[in-house]
Amino acid sequence: MSGFLAVLVVVLIFIVIFQIAKASEYVSILKGEKKARQQSNRINGFLLIAFLVLGLIGVYYCNDLLKGKILGESASVQGEGVDTLIYVTLAITGIVFVITQILLFWFAFKYQEKEGRKAFYFPHNNKLEVIWTVIPAIALTVLVAFGLKHWFQLTSDAPKDAAVVEITGKQFNWLIRYPGKDGQLGRRDFKRIDEAASNPLGMDWDDQLSKDDFMATEVHLVVGKPVKFVIGSRDVIHDVGLPHFRMKMDAVPGIPTTLWFTPKFTTKQMKEKTGDPDFTYEISCDQMCGSGHYSMRGVIVVETQAEYDAWIAKQPTQYSLAHPAAAPADAPKADSTQKAIAANTK
């Protein structure tokens, strides 16, 4: 029913516009086409100036109202540089936008059709061509250079003491794996994937490094400690979006990608900063990955080292879940006390 009403409203709007156009045509015939056109230009010129003034006031009001309220302060150290780049880009493009829009609407008003006025034919000017080509090119080159600087920093080798977390996307959830005490992730083979056997990632149990790895339903990080994400996909292209940390990276089947950052605030601190008792850091999928795309939401918990260690101590290894009877008694448990040294993504 609501769809029918929407279509009906659209049809009625088109009918009204058509009738207004016909009425304008009749007025032009009665008054004379030239006189009617000049009157219409005066009205349109005034409306353009009014739209310009109201539009700029609206832009200022929205900026003042929403500034700092959409995402707030970056929750990662590296995200601060991304925020700075965004603000510089907005400042440059904002100044250009305001100047060009004022000139656009003012010229439309000032140089409207009038009796005795003839348009000046201005086909080409080399000087102007050079100015409006070179200046934007320089500005864009500088912005791209700063963007590449941040990109190379985020995708470069993580610090040696960085924790390692593997995030694998699949339709339609995230699979999260941590290395154990050895600090290294074991081998994976897509041919070994078996959901029924508690091996959704295809972990190679012949690799000793795999036997202390464990999986979790949410990502836990230590505040102030660098973390390296090893990102992949089990089926289609996904994208790990971390809006609060100002990070994102594609999850591509067969091609591991990485990024690293340092969380600044615990989840508890962010709840206090935002005034939202239900605040959570999120992982969103920023690629349209299928009919269940909307459900690709993961949770990140940032906590203190003591809270993290307590959580780690409760996590069973994936090997013990896949082989409850055969799991060796001396299999090393997941432990965060030893620093992660590398991510084996063979």
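To keep it simple, each residue is scored yes or no on (1) modelled with pLDDT under 90; (2) closer than 30 Å to Gly232 by Cβ.
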site	(1), (2)
Gly116	yes, no
Leu128	yes, no
Leu140	no, no
Leu143	no, no
Trp151	no, yes
Asp157	no, yes
Trp174	no, yes
Gln184	no, yes
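Considering the range 239-248, the residues that are out of contact with any helix residue (DSSP H, G or I) (no Cβ under 7 Å at 6 or more places or on another chain) and open to solvent by 20 Å² or more (accessible area, probe 1.4 Å) include one that is farthest from Lys69 (Cα to Cα), namely Lys248.
For first residues located in the range 211-231 and farther than 17 Å from His323 by Cα and open to solvent by 10 Å² or more (accessible area, probe 1.4 Å), partners that are small (Gly, Ala, Ser) and outside any strand (DSSP E or B) and lie 6+ apart or on another chain with Cβ distances below 7 Å form the pairs Pro226/Ala158; Pro226/Ala162; Lys228/Ala158; Lys228/Ala162; Lys228/Ala343.
Being modelled with pLDDT of 90 or more, open to solvent by less than 50 Å² (accessible area, probe 1.4 Å) and farther than 18 Å from Lys273 by Cα is true of Val82.
Mind listing just one residue for me: the one in the range 191-208 that is under 20 Å from Phe229 (Cβ atoms) and out of contact with any Asp or Glu (no Cβ under 6 Å at 6 or more places or on another chain) and, of those, surrounded by the fewest Cβ atoms within 10 Å (Cβ to Cβ)? That would be Pro200. Only one of the numbered conditions (1) assigned to a loop (DSSP other than H, G, I, E, B); (2) among the basic types (Lys, Arg); (3) at pLDDT below 95 is violated by Lys191, and that is (1).
Inside the range 44-79, residues that are open to solvent by 90 Å² or more (accessible area, probe 1.4 Å), in a helix (DSSP H, G or I) and of a type in the set (A, V, I, L, M, F, W, C) make up a count of 5.
The values are calculated or read from the model by the stated rules, or taken from the named source; none is laboratory data. Everything numeric here is computed off the predicted structure, so don't read it as measured data. A quick note on method: Cβ atoms are made from the backbone with ideal geometry, for glycine too, and the neighbour counts reach across all protein chains shown. Surface areas here come from the heavy atoms of the whole protein model, side chains and all, with no ligands, DNA or RNA. Shrake-Rupley method; radii C 1.70, N 1.55, O 1.52, S 1.80 Å.
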